[in-house]
Amino acid sequence: MIRYEYVANFSPPAPFVHVVFHNPKNNRTSAEIPAQINSGADRTVIPSIVAEELELISVRDVMVEGLGSAAQTLPEFVVSVQIRLLEPIAVSVLAHEKETYVLLGRDVLNKLRVV
């Protein structure tokens, strides 16, 4: 079992894990990236810089709206995400230029046993 502590410099403290992304088209792999577990998000969002580094190709644009923000269109990418020693999960993610870390949504969390 993998265990993580809450990151205390958030107020209130927040749960984070380390993830690695893999581009199935060109086999590029990211370094480990901090990812906030966000059970309130239905989709996983990555920083745009990660999509650029992996040379991901957008499969479509998706209209999204978050708490307190106006609707916007974000590019969607197909990647594999892996949390430390767990099996990789194929998932479609969105990329946002203002994100500084990964927001790990229910599209990934629902495929895991999280306690």
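Provide the per residue accessible area, probe 1.4 Å, for the chain, rounded to a whole number of square angstrom.
Here the residues of the chain average 65 Å² of exposed surface.
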Exercise. If you take the beta carbon distance between Arg3 and Ala31 as r and set R0 to 25 Å, what does 1/(1 + (r/R0)^6) give as a FRET efficiency, to the nearest 0.05?
Worked result: 0.70
Exercise. With each run of n ≥ 4 DSSP H residues scored as -39500 (n - 2.57), what mean residue ellipticity at 222 nm is computed for the chain after dividing by its residue count and rounding to the nearest 500 deg cm²/dmol?
Worked result: -1500 deg cm²/dmol
Exercise. What dipole magnitude, in Debye to the nearest 20, does the chain give about its Cα centre under +1 on Lys/Arg Cβ and -1 on Asp/Glu Cβ?
Worked result: 380
Exercise. Taking a label point 7 Å from the Cα of Met63 along the Cα→Cβ vector, which residues of the stretch 74-115 have an amide N closer than 17 Å to it?
Worked result: 74-76
Problem set entry | Net charge, Lys111 excluded, C-beta distance under 14 Å - Lys, Arg +1, Asp, Glu -1 | 0
Exercise. Among Val50, Val102, Val62, which one shows the biggest mean-square fluctuation in a GNM of the chain, springs joining Cα atoms closer than 10 Å?
Worked result: Val62
Problem set entry | Area of Ser39 that stays accessible when all protein chains are in place (1.4 Å probe, Å², to 10) | 80
For this session: Would you mind checking which residues have amide H under 5 Å from His96's amide H? H placed 1.01 Å from N; only 5 or more apart, or other chain.
Result: Ile46, Ser48
Seminar exercise, completed: Heads up, the chain by the C-alpha gyration tensor (a ≥ b ≥ c square roots of eigenvalues; a/c under 1.5 rounded, else a/b over b/c prolate, else oblate) looks oblate
Exercise. Got a number for the accessible area of Leu112? Probe 1.4 Å, square angstrom, nearest 10.
Worked result: 50
For this session: Give, as ranges by residue number, the residues of the stretch 75-104 whose backbone N falls under 13 Å from the point 7 Å along Cα→Cβ of Phe10.
Result: 100-104
Seminar exercise, completed: Sorted by chain and number, the residues with a modelled amide H under 5 Å from that of Arg28, at a separation of 5 or more or across chains, are Asn23
Exercise. Got a sec to turn the phi values of the stretch 30-41 into Karplus ³J(HN,Hα) couplings, 6.51 cos²θ - 1.76 cosθ + 1.60 with θ = phi - 60°, whole Hz, x for Gly and Pro?
Worked result: 7, 6, 5, 10, x, 9, 7, 6, 10, 5, x, 9
Seminar exercise, completed: Per the charge dipole of the chain (beta-carbon charges, Lys/Arg positive, Asp/Glu negative, Cα centre), the residue among Pro47, Ser69, Leu86 reaching farthest to the positive end is Leu86
Problem set entry | From phi via Karplus (6.51, -1.76, 1.60), per-residue ³J(HN,Hα) for the stretch 95-110 in Hz, x at Gly/Pro | 10, 10, 5, 9, 6, 9, 8, 6, 9, 8, x, 5, 4, 9, 4, 5
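The values are calculated or read from the model by the stated rules, or taken from the named source; none is laboratory data. Please read all numbers here as calculations on a predicted model, not as lab measurements. For neighbour counting, all protein chains shown are included, and Cβ atoms are generated from backbone atoms with ideal geometry for every residue, glycine included. Only protein heavy atoms, including side chains, enter the accessible area calculation; ligands, DNA and RNA are left aside. Shrake-Rupley method; radii C 1.70, N 1.55, O 1.52, S 1.80 Å.
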